Amino acid sequence: MAGIQRRTVLAAVGGTVAAGGAVGSGLMGSGTAHAAQSAAVPAPAKAHSGPHEAKVRSLLARMTVEEKLGQLQQLPWSYNTGPGGAETKDVEDAARKGRLGSVLSIFGARSSNALQRIAVEESRLGIPLLFGLDVIHGFWTTFPIPLAQAASFDPEVSKRDGEVSAKEARSNGVHWTFAPMMDVTHEPRWGRIAESCGEDPHLTSAFAAAKVHGYQGKNAGELDAKDRLAACAKHFVAYGGAEGGRDYNTVDVSESRLRNFYLPPFKAALDAGVATVMASFNTIGGVPAHGNTHTLTEILKGEWGFDGMVVSDWTGVQELIAHGFAEDGADAARLTLNAGVDMEMTSTNLVAHGKQLLKSGRIKADRLDEAVSRILRLKFALGLFAHPYVEESAEITEPSKQARAAARETGARSMVLLKNEDDTLPLSASASSIAVVGPFGDSSDLLGTWVMPAAQEKFPSVKVLDAVRKAAPGAKVRYARGVDAEGKDLSGIPEAVAAAKAADVTVVVVGEPPAISGEAAARSDISLPGAQEKLIAAVAETGKPFVVVLVNGRPLTIGGWLEQAPAVLEAWHPGVEAGNAIADVLFGAVNPGGKLPATFPRSAGQIPVYYNHENTGRPYDPDNKYTSKYLDLPHGPQFAFGFGLSYTTFEVGEPRLSGSRIAAGALRKGDTVEVAVPVTNTGERAGDEVVQLYVHDRAASIAQPVRRLAGFRRVGLAAGKSRTVRFRLGAADLGFWSNDPHGEFRIEPGAIDVYVGNSSQAEAKVTLTIG
Ligand code: NOJ
């Protein structure tokens with residue numbers, strides 16, 4: 001049986017490649033190539049037997065082809081005109097005719113109910129619409145950006161963000177969020193690293209699962225609750241591998257890299273019950289993700305048995321033409337449906353050409369029914385047939401006190417202390433004078449990327465300046481901007497210098513405006529923009545103590561100014577409570593315990609630089625020119641993955657294994673090895689340490705990363721206290737995926753080095769033998 005499936009899959013891969021190539025070269029009539037591909041698409045996962053199946057079947061039986069195709073369509077709403085407005089007329093007409101399955105970017109109980117009423121009360125079958133929105137790190141209550149949340153090394157914070165967001169958004173008529181994003185990336189130039197959890201698959205997987213639980217609840221069947229949202233695992237897949245970090249760019253990865261780096265978080269999200277998946281904009285080895293049978297149907301729906309719905313990204317189906325993969329809109333519709341996309345966002349190729357494609361046999365009725373069923377199933381699961389409207393009187397219109405407190409706590413928990421010479425931090429709340437300088441010191445634009453304009457307008461972030469004034473009520477606090485975030489004008493620097501000279505200590509708040517991180521915001525130079533480094537240098541010249549607070553959406557290159565700054569706090573874009581969260585850490589109400597979820601390079605020319613790289617045949621050796629390095633840079637990153645300081649000190653002791661040998665067969669059966677790691681707070685105040693565990697398979701049939709994260713735990717310890725953290729290593733941690741396209745997981749005999757410590761440069765080590 002397995003053998004037969006395998007051969008079918010192989011044929012499908014061949015078909016896909018041949019189709020793309022033939023269309024491009026004009027060697028084969030597109031009809032032939034198309035027929036070959038659609039015939040080869042493997043059958044979808046087993047017949048569904050969920051709780052809503054009978055209702056789905058009976059509804060499907062009553063639907064016309066037009067109505068079925070209509071369910072596959074998602075159209076964007078216009079914020080500007082709202083219900084009944086000229087710009088929304090097309091959407092309303094489509095809803096009335098039953099030619100629409102979903103709408104994105106609509107929110108507000110009244111607006112969403114008005115549109116829903118058209119679908120439910122005026123269309124022939126009354127099928128409710130599904131409303132989706134990018135609720136990425138908050139609806140009204142903006143939490144820190146996802147990259148910051150990952151820096152907390154505490155997935156619970158993302159769960160909480162998910163819960164708060166779901167409650168606020170669902171009360172506003174939103175059913176579905178296009179989150180969490182789980183694209184592992186080695187590219188700090190890529191603006192979307194801000195939306196990601198950084199460079200590690202294990203860390204990203206933990207956060208992906210937690211966020212899904214936050215939005216959807218932990219148990220299947222909770223989606224119809226008033227405070228739940230359907231989640232969307234995106235972007236499927238390998239989007240984070242965009243060449244050069246330029247958004248939407250080409251990706252070419254081996255099967256092993258695909259499976260070891262990019263796929264694990266999606267699998268974790270599936271295991272957590274994620275309802276939907278979004279295809280990514282990139283190609284994967286020349287095949288666009290939106291037309292990729294291997295990733296969407298063979299792996300996602302076949303191997304993993306995903307029974308939820310796959311949505312395209314915004315015009316991702318149409319873009320198959322620009323990719324040079326589809327000849328025209330009809331071809332794009334055919335390729336995407338046959339590859340496994342169930343719903344088309346924004347572009348309209350499936351509704352426009354579906355009927356003709358069916359007639360000519362280029363898409364199959366079964367596949368159409370299957371896509372529609374996936375969408376209807378979700379609508380039933382969300383309870384939309386029973387309760388299509390939201391209670392207008394229950395709409396949440398502002399962040400609650402508790403939600404703000406959660407955002408503030410998350411903000412502080414996400415910060416990473418990069419440097420703290422001579423205990424410059426924490427600042428004393430009884431300082432008599434403090435200067436706050438820099439373009440972000442008096443800014444309320446610290447929410448980060450992906451924030452609704454309405455949230456930005458109504459609930460901007462708390463300013464650092466205001467929070468410092470509150471935290472040090474006795475101090476004279478003076479503000480000087482110094483320089484703009486991006487300009488070259490230096491005329492404000494003397495005023496900032498004067499403020500610094502007159503103060504006991506200066507807080508320099510510099511970074512990136514949120515608009516230069518996120519989607520379509522790649523940068524080739526990732527240093528502080530504009531003249532901000534000059535401001536730091538001028539403050540340093542005063543010889544007075546100062547602290548640099550970074551507010552940014554990506555790892556930055558920190559040039560010479562790192563030497564000059566006595567203390568540096570990475571605060572990221574911390575969300576609505578930004579200023580308060582920063583002040584909590586600056587004044588020591590919170591002892592920072594975050595760690596970097598992505599490497600900070602020394603210069604853009606060093607990218608990609610990441611901790612989980614392969615060794616090469618000539619690893620770095622300072623005494624041998626002919627080894628892998630740059631001539632003009634010190635070796636290694638500026639700050640390593642997993643690095644972060646505290647106001648106290650910790651000692652992570654030697655790891656102990658429950659057994660030094662385990663058989664591969666035992667691992668396959670589910671056996672594990674325990675690694676016990678002692679950790680002690682050796683300083684004088686309470687604090688958090690993130691105990692990290694890395695593994696390295698010394699010799700394998702595919703070269704392995706020099707180390708990879710296999711466990712982490714953030715623990716709080718009072719001064720002088722110790723505890724033992726216990727990890728369990730199993731098959732998933734000790735094996736790896738090969739290059740076999742059908743998914744071959746190998747556990748090979750040999751030595752595995754297990755490192756523990758408080759960064760990816762941890763040195764304490766023990767060796768486990770798989771034998
Ligand atoms: C494009 C982005 O890639 C995706 O992440 C987002 O969900 C959609 N646009 C919808 O806004």
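The values are calculated or read from the model by the stated rules, or taken from the named source; none is laboratory data. Bear in mind the structure is a predicted one, so any value in this text is a computation, not a measurement. Here the Cβ positions follow ideal geometry from the backbone for every residue, glycine too, while neighbour counts run over all protein chains shown.
For this structure, a couple of remarks:
- For Q73, the criteria (1) under 31 Å from the mean Cα position of the chain (by Cα); (2) of a type outside the set (D, E); (3) at pLDDT 95 or above; (4) surrounded by fewer than 20 Cβ atoms within 10 Å (Cβ to Cβ) hold in every case but one, which is (4).
- Exactly one residue among N282, N249, N292 is within 15 Å of the ligand (Cβ to nearest atom) and over 24 Å from F207 (Cα atoms), and that residue is N249.
- Qualifying residue in segment 257-274 (condition: closer than 30 Å to A394 by Cα, more than 15 Å from the chain's Cα centre (by Cα) and away from the ligand (no atom under 14 Å from the Cβ)): yes
- Verdict on Q318 being more than 15 Å from the ligand (Cβ to nearest atom) and surrounded by fewer than 24 Cβ atoms within 10 Å (Cβ to Cβ): no
- Restricting the first member to segment 221-238 and to residues that are free of Cβ contacts under 8 Å to residues at least 12 places away in the same chain, and the second to residues that are more than 16 Å from the ligand (Cβ to nearest atom), the beta-carbon pairs closer than 6 Å and six or more apart or on different chains are E222/R228.
- Any chance L69 is assigned to a helix (DSSP H, G or I) and away from the ligand (no atom under 16 Å from the Cβ): yes
- When segment 331-359 is limited to residues that are touching a residue at least 40 places away in the same chain (Cβ under 8 Å) and assigned to a loop (DSSP other than H, G, I, E, B), the one that is nearest to the ligand (Cβ to nearest atom) turns out to be T346.
- All positions within segment 97-115 that are away from the ligand (no atom under 16 Å from the Cβ) and either small (G, A, S) or surrounded by 22 or more Cβ atoms within 10 Å (Cβ to Cβ) (or both): G98, L100, G108, A109, S111, S112, A114, L115
- Leading residue by the ranking (surrounded by the most Cβ atoms within 10 Å (Cβ to Cβ)) among those in segment 123-144 that are within 16 Å of the ligand (Cβ to nearest atom) and under 14 Å from the mean Cα position of the chain (by Cα): H137
- Per-region count, segment 81-96, residues away from the ligand (no atom under 16 Å from the Cβ) and either closer than 17 Å to G132 by Cα or under 26 Å from the mean Cα position of the chain (by Cα) (or both): 6
- The residues on offer are G743, G687, and the sole one that is in the same structural domain as R668 (by TED's automatic domain parsing) and surrounded by fewer than 20 Cβ atoms within 10 Å (Cβ to Cβ) is G743.
- Residue count for segment 264-276, restricted to those that are surrounded by fewer than 24 Cβ atoms within 10 Å (Cβ to Cβ) and hydrophobic (A, V, I, L, M, F, W, C): 3
Conditions tested, residue by residue: (1) surrounded by fewer than 24 Cβ atoms within 10 Å (Cβ to Cβ); (2) touching a Gly at 6+ places or on another chain (Cβ under 8 Å).
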{"residue": "G191", "(1), (2)": "no, yes"}
{"residue": "Q216", "(1), (2)": "no, yes"}
{"residue": "K226", "(1), (2)": "yes, no"}
{"residue": "G241", "(1), (2)": "no, no"}
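- Top-ranked residue in segment 149-200 [being of a type in the set (K, R) and more than 15 Å from the ligand (Cβ to nearest atom); ranked as nearest to P637 (Cα to Cα)]: R189
- Each residue in segment 530-550 was checked for being under 18 Å from F587 (Cβ atoms) and small (G, A, S), and 0 pass.
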